[in-house]
1. Does region 1-14 contain any residue that is within 13 Å of the ligand (Cβ to nearest atom), closer than 30 Å to residue 292 by Cα, aliphatic (A, V, I, L, M) and not in a loop (DSSP other than H, G, I, E, B)?
2. Go through the residues of region 161-177 one by one and say whether even a single one is surrounded by fewer than 17 Cβ atoms within 10 Å (Cβ to Cβ) and on the phi > 0 side of the Ramachandran plot.
3. In region 22-124, which helices (runs of 4 or more DSSP H) lie fully inside it and hold 1 or more residues that are modelled with pLDDT of 95 or more and of a type in the set (Phe, Trp, Tyr)?
4. Here is a list of conditions, (1) among the aliphatic types (A, V, I, L, M); (2) within 13 Å of the ligand (Cβ to nearest atom); (3) modelled with pLDDT of 95 or more, and residue 336 meets all of them except one; can you say which number that is?
5. Restricting region 56-82 to residues that are farther than 22 Å from residue 398 by Cα and among the β-branched types (Val, Ile, Thr), which is nearest to the ligand (Cβ to nearest atom)?
Amino acid sequence: MQRMTPAPSLWRETATPAPPLKALSGSVTADVAIVGAGYTGLSAALRAIEAGLKPVIIEAEEVGFGASGRNGGVVSTKYRVSLSDMARHHGVETAKRMSRLGHDAMDCVERYVEELGIQQAGLAKTGNLRCAHNAQALAALTGEARTVRETFGDQSLRLLDRAETAFETGSQDFAGGVLNSHAGVIHPLNYARGLARAVVAGGGEIFERSLVEQAKQAPAGIELTTSRGSVRAERLIVATNGYSNLSSATSMVRQAVIPFRSAMIATQPLPPETFNSLVPHARGYSETRRMMRWFRRIDDRLLFGGRGAFGKTDSASAFTALETAMKGIFPKLADVPITHRWSGLVAMTMDSLPQIGLANPRTAFSFGYNGTGVAMASLLGRHALELVIGEKPDLGLMRRDRPEAIPFYFLREPAVRTVVGWYQFLDKIGR
Ligand SMILES: Cc1cc2nc3c(=O)[nH]c(=O)nc-3n(C[C@H](O)[C@H](O)[C@H](O)COP(=O)(O)OP(=O)(O)OC[C@H]3O[C@@H](n4cnc5c(N)ncnc54)[C@H](O)[C@@H]3O)c2cc1C
């Protein structure tokens with residue numbers, strides 16, 4: 001198998017050493033086989049261990065190779081669909097359940113970090129500030145915050161006016177914002193590596209550099225094959241998210257996601273006094289443009305990320321666009337060099353919600369976090385394991401009978417390009 005080059009991210013450069021793991025060779029048995037060593041797969045394995053089962057994870061590259069080792073590390077309770085929209089279309093009780101699941105997801109990350117001793121993940125519960133890029137966006141944010149507070153009794157949100165948002169961010173660009181205190185930031189790759197260490201310490205096995213080429217239903221369970229080995233297990237969890245196109249073994253998920261490339265840049269170290277006025281509370285920050293951008297501090301650097309488009313590789317123009325956007329929002333960074341550029345694939349779904357369920361009684365799936373999966377993948381990995389052992393967690397709108405295939409799948413690349421172009425245009429003209 002041809003190795004892929006891991007992203008040259010700041011996370012890789014600053015991560016604690018990876019746990020030593022081998023490639024799969026020969027035949028192995030397990031209670032649960034899991035494809036993919038991101039947060040979904042690792043968390044499913046930890047839940048399997050809690051249930052007294054032996055999990056085996058098979059990873060094509062290395063732990064955290066996918067989005068879990070490349071993301072912005074903003075940990076939050078949020079979905080891409082607003083809770084008021086959920087309440088409008090599916091009723092208040094369903095929206096309340098979704099709100100609860102969002103908070104459970106945040107709690108799940110906190111519990112893992114604390115109970116598994118993943119201090120190197122540097123989880124800081126500094127909150128998440130959503131910044132409105134214009135008055136219309138602020139009105140929508142304000143309405144949503146009011147619904148969440150009054151209808152769901154969720155007191156974690158606070159409205160900020162223009163001046164407070166300028167103080168909070170160090171930018172004059174925003175009309176106001178909403179601060180969610182039940183959120184924070186994390187070192188994403190250290191978190192993934194910490195989860196992996198806990199899986200191994202609990203008796204699970206993780207094989208890296210082992211692409212699952214085939215997944216077959218065998219008489220007594222499931223059989224996965226790689227070029228050098230095989231795994232027989234009673235149950236299977238597919239945890240490949242935006243990276244489901246590496247082999248045909250995961251095509252049921254591939255057909256249900258639209259992979260969007262998301263890019264990140266990091267500045268060179270900045271003098272400490274810069275942060276007296278630039279993101280002084282070191283929260284996670286996101287803004288409301290359709291082609292969403294987000295930023296945060298890590299040590300003495302600013303990280304800035306944004307959605308790109310459908311694309312198989314990094315694009316120089318996407319990084320340049322990101323740098324221009326960052327310098328537009330923070331003119332004081334105009335002359336600051338960028339030292340790191342990397343990207344990864346976010347899995348979008350047709351209705352912008354994650355999907356979790358059983359493809360058959362022995363096979364569970366969980367994917368489609370739509371760019372907000374640090375917390376939710378950690379939680380849904382656990383629920384995927386529960387589903388495949390016969391439990392019935394209430395998963396609100398995310399529970400599906402099967403991965404819901406994108407209609408006209410072959411058209412998704414040109415369709416995404418068209419939508420992205422249109423969104424970029426609307427963002428540019430301030431709509
Ligand atoms: C640039 C970027 C920034 C982001 N920022 C944030 C953020 O700030 N906050 C947030 O909440 N979310 C963010 N996200 C989203 C978040 O990272 C993901 O939702 C989450 O990591 C998904 O985890 P996962 O385990 O489901 O998938 P992944 O971490 O993508 O793992 C899937 C794994 O499956 C493996 N795999 C695939 N096929 C096979 C096969 N056939 N055999 C073996 N292994 C296979 C892949 O190699 C990969 O390692 C971001 C994503 C990106 C790309």
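1. Scanning region 1-14 turns up at least one residue that is within 13 Å of the ligand (Cβ to nearest atom), closer than 30 Å to residue 292 by Cα, aliphatic (A, V, I, L, M) and not in a loop (DSSP other than H, G, I, E, B).
2. No: region 161-177 contains no residue that is surrounded by fewer than 17 Cβ atoms within 10 Å (Cβ to Cβ) and on the phi > 0 side of the Ramachandran plot.
3. 39-50, 92-115
4. Condition (2) is where residue 336 drops out.
5. Here the residue is 58.
The values are calculated or read from the model by the stated rules, or taken from the named source; none is laboratory data. Because the structure is a prediction, the values reported are computed rather than measured. Glycine gets a Cβ as well: all are built from the backbone with ideal geometry, and neighbour counts include every protein chain shown.
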